[in-house]
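Peer 1: The structure is given below, and queries will be raised subsequently.
The values are calculated or read from the model by the stated rules, or taken from the named source; none is laboratory data. These figures come from a predicted structure and were not determined experimentally. In this analysis, Cβ positions are derived from the backbone assuming ideal geometry, glycine residues included, and neighbour counts consider all displayed protein chains. All accessible areas refer to the heavy atoms of the entire protein, side chains included, with ligands and DNA or RNA removed. Shrake-Rupley method; radii C 1.70, N 1.55, O 1.52, S 1.80 Å.
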Amino acid sequence: MSDFPFTQIVSTKEMARTEIETVLQLSQEMEKILAKKEERNSLQGKIVASLFYEPSTRTRLSFETAVLRLGGKIINAVGAENSSFKKGETLYDTIKTIENYADIIVMRHVSQKATEEAIRATQKPFLNAGNGAGEHPTQALLDAYTIYKEQHQIDGLTIGVSGDLKNGRTVHSLVYLLSKFQVKFVFIAPNKLALPKEVKSFLKENKVSFVEVNNLEEVIENLDVLYVTRIQKERFENLSEYEELKEVYCVTSALISNGKQNLSVMHPLPRVSEIAPEVDDLPQAVYFKQVQNSVPVRMALLELVAGR
Ligand code: NCD
């Protein structure tokens, strides 16, 4: 494949703009194929291992749907409870085993270091479906695809990102990804949940414009995109801290009425209380469109890493 050198995707940090554009273009093609109910058999004869050692609904099922739509087959391991991990096996050994069964590995894991260990164990095509509080690159690509579809461009946009910027892996991957375009970021979080230092250093090194604020109401009118995230309860060591921060923001229709008419309100889902259900019916709400876009984007990614 000319413009896509990767067979393993663990982060969006190293992806060049042209490579991202390759994914977006192929996603568009996949979307048309799905709409016309045409067949695409690029994974025919291939087996994909779907390893989800942490809870998932959308990511796992959309990956599995994408595999089936491309004519591939799936084997899976769901939940750390049911795996040899429980018997003390290292992830390295698990992946060394699974690479004998599958042609492509998709993995979600609770540990941030898990992706490193996995790609040390195998050279097979590998897609990171979320590593702890680290990254979630395939979500970021479907988020970027959604932004492109909704706003017709990515360059020139002001992107607000709110919620748990410290622990939100979708945020980290999306920020790395969008930094390859001409965007301005507005990060909206309580100080305790601010974007990690290494992500901010990356933005500074790459001269990407960003500001950090605590208050959503004050900045809503400037945004083209508001990417809302859940406070990541499972990553808190101290649950009383979670209790204190869990309802720090709630996006309501009153808030949105102060924003731009064509604002896109996004969320990787699952949502807890950070977007009021009343927002769902507004034209600005695009989070269920993100879900819809996840299948063509994951089809594109599977096909690209498998090598067309
Ligand atoms: C996200 C995740 O797992 O990081 N969900 C998803 O994959 N769509 C976001 C979250 O759990 O808050």
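Peer 1: Arranged from highest to lowest average of other beta-carbon atoms within 10 Å per residue, in what order do the peptides 62-68, 166-172 appear?
Peer 2: So the order, starting with the most tightly packed, is 166-172, 62-68.
Peer 1: Hey, what number do you get for the chain at 222 nm if only DSSP H runs of n ≥ 4 count, each worth -39500 (n - 2.57), divided across all residues, to the nearest 500?
Peer 2: That calculation yields -11000 deg cm²/dmol at 222 nm.
Peer 1: Where Lys and Arg each count +1 and Asp and Glu each count -1, what net charge lies around Lys73 among other residues with Cβ under 11 Å from its Cβ?
Peer 2: Summing Lys and Arg as +1 and Asp and Glu as -1 gives -1.
Peer 1: Averaged per residue, what accessible surface does region 202-247 expose to a 1.4 Å probe, in Å²?
Peer 2: On a per-residue basis, 61 Å².
Peer 1: Once you've got the Cα coordinates, tell me which of Lys180/Lys200; Lys204/Lys246; Lys204/Lys233 are over 25 Å apart.
Peer 2: From the list (Lys180/Lys200; Lys204/Lys246; Lys204/Lys233), the Cα-Cα distance tops 25 Å for Lys204/Lys246; Lys204/Lys233.
Peer 1: Which cross-chain or sequence-distant (5 or more) residues have an amide H under 5 Å from the amide H of Ala133, H modelled 1.01 Å from N in plane?
Peer 2: For Ala133, whose amide H was placed from the backbone, the distant partners under 5 Å are Gln112.
Peer 1: Starting from the exponent 0.38 and prefactor 2.2 Å, build the expected Rg for region 160-308 from its residue count and divide its actual Cα Rg by it.
Peer 2: Here the answer is 1.08, to two decimals.
Peer 1: At 7 Å along the Cα-to-beta-carbon direction for both Glu29 and Glu198, put a label point, then send me their distance in nm to one decimal.
Peer 2: Between Glu29 and Glu198, the simple spin-label model gives 3.4 nm.
Peer 1: What are the ³J(HN,Hα) couplings of region 89-106, residue after residue, when phi is run through the Karplus curve with 6.51, -1.76, 1.60 and θ = phi - 60°? Round to Hz, x for glycine and proline.
Peer 2: Values per residue, Gly and Pro as x: 6, 7, 5, 3, 5, 4, 5, 4, 6, 5, 5, 7, 9, 10, 8, 9, 10, 10 Hz.
Peer 1: Give the relative contact order (percent, whole number) for region 245-306; include only Cα pairs under 8 Å separated by 6+ residues.
Peer 2: 36
Peer 1: Ignoring any ligand, DNA or RNA, what whole percent of the accessible area of the chain comes from carbon and sulfur when the probe is 1.4 angstrom?
Peer 2: 47
Peer 1: Would you grab the residues whose amide H sits under 5 Å from the one on Phe126? Only those 5+ places off in sequence or on another chain, please, with H modelled 1.01 Å from N.
Peer 2: Gln8, Ile9, Ile105
Peer 1: In addition: Given the peptides 208-218, 255-265, arrange them by the average over their residues of other C-beta atoms within 10 Å, most packed first.
Peer 2: So the order, starting with the most tightly packed, is 255-265, 208-218.
Peer 1: Just how large is the dipole of region 1-117 about the Cα centre, in debye to the nearest 20, putting +1 at every Lys and Arg Cβ and -1 at every Asp and Glu Cβ?
Peer 2: Dipole magnitude for region 1-117 comes out near 360 debye.
Peer 1: Sequence-distant or interchain residues sharing an amide H contact under 5 Å with Tyr227, placed H: which?
Peer 2: Gly160, Val161, Ser162, Met266
Peer 1: Excluding ligands, DNA and RNA, what is the solvent-accessible area per residue of region 1-94 at a probe of 1.4 Å, expressed in Å²?
Peer 2: 56
Peer 1: With the radius of gyration and the Kirkwood radius both derived from the Cα set of the chain, what is their ratio Rg to Rh?
Peer 2: 0.96
Peer 1: Another question, if that's okay. With a cut-off of 8 Å between alpha carbons and a minimum separation of six or more residues, what is the relative contact order of the chain in percent?
Peer 2: Contact order relative to length: 21 percent.
Peer 1: For region 92-240, just list the percent of Cα-Cα distances falling in each 5 Å bin from zero outward, please.
Peer 2: 2, 9, 17, 19, 18, 13, 10, 6, 3, 1, 0
Peer 1: In the chain, with Lys and Arg counted as +1 and Asp and Glu as -1 at Cβ, which of these residues, Thr7, Gly156, Ser294, has the Cα nearest the positive end of the dipole, that is, farthest along it?
Peer 2: Sorting the options by dipole projection puts first Thr7.
Peer 1: Once you order the gyration tensor axes a ≥ b ≥ c over the Cα atoms, which shape class does region 1-50 get: rounded for a/c under 1.5, otherwise prolate or oblate by comparing a/b with b/c?
Peer 2: oblate
Peer 1: Packing-wise, with mean Cβ within 10 Å as the measure, how do 144-155, 279-290, 86-97 rank, highest first?
Peer 2: Final packing ranking: 144-155, 279-290, 86-97.
Peer 1: Extending each Cα 7 Å along its Cβ direction at Asp93 and Lys289, get the distance between those two points in nm, one decimal.
Peer 2: Going by the 7 Å Cα→Cβ label model, 4.9 nm.
Peer 1: Check cross-link reach from Lys86 to the aspartates and glutamates: straight Cα distance under 18 Å, and skip same-chain residues fewer than eight apart.
Peer 2: By straight Cα distance, Lys86 reaches Glu54, Glu117.
Peer 1: Another question about this same structure. Below 14 angstrom from the Cβ of Lys289, what's the summed charge of the other residues (Lys, Arg +1; Asp, Glu -1)?
Peer 2: -3
Peer 1: Starting from 0.36 nm per residue, how many nanometres of slack lie between Ser42 and Arg120 once their C-alpha separation is accounted for?
Peer 2: Residue separation times 0.36 nm, minus the Cα-Cα distance, leaves 25.4 nm.
Peer 1: Relative to the Cα centre, what is the charge dipole magnitude of the chain, using +1 at the beta carbon of each Lys and Arg, -1 at the beta carbon of each Asp and Glu, and rounding to the nearest 20 debye?
Peer 2: For this selection, approximately 760 debye.
Peer 1: Lys and Arg at +1, Asp and Glu at -1: add these up for the other residues within a Cβ distance under 13 Å of Val272 and post the number.
Peer 2: So the environment of Val272 carries a net charge of -1.
Peer 1: Mind giving me the nanometre distance, one decimal, between the label points for Val211 and Gln8, set 7 Å out from Cα along Cα→Cβ?
Peer 2: Inter-label distance under the simple model: 4.1 nm.
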